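Below: the structure, in structure tokens.
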Amino acid sequence: MSRVIGASPPQLDFCGTQQPVGSPASSVTQLQTLITAETTEEKNVILINHSFGGAVGCAAVKGSSQKHPVEQNDASGKVIGIVQICEAMVAAAKEAGASVETQYLDSGHVPFLGKADETPDFIQRALESFR
């Protein structure tokens, strides 16, 4: 049975500022640092991305996934899944050859605000699909 050992919701550098994001590169680097911190402790990681985090999160896992563990040894944890809470990424992921399962939550752009009661169950169902 899978269980969540910990959750690390990152506060990206630009959050809470009036500074526009010029490039996603610093956010990708920031997430790669968080992923590496977990995987070097032999922990597997499932990313839960929303909106801008979808593109950033997908870029950040390069070399850290089970399928392509480029920079890891056998003892390292891996990125074992990505949960995208944004439908724009689905077509691109399928075209890239990813195994994609979709579920629909009629909620608007920010589901955790518009459907606060349903969103945790939605995420839990997604996490269970990685068992």
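Bear in mind that the values in this text are calculations on the coordinates, not laboratory data. On a predicted model such as this, the values are computed, not experimentally measured, just so you know. As a convention, Cβ positions derive from the backbone with ideal geometry for all residues, glycine included, and neighbour counts pool all protein chains shown.
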**Request:** Give the long-range amide H neighbours of Lys78: residues separated by 5 or more places, or on another chain, with amide H under 5 Å away, using H modelled in the peptide plane at 1.01 Å from N.
**Result:** Asn44, Val45
**Item:** Distance (nanometres) between label positions extended 7 Å along Cα→Cβ at Phe52 and Thr33
**Value:** 1.7
**Complete:** Expected unfolding gain across Val90-Thr102 under the 0.36 nm per residue rule, minus the alpha-carbon gap, is 3.5 nm
**Complete:** Interchain or sequence-distant (5+) residues whose placed amide H lies within less than 5 Å of the amide H of Ser64 are Val70
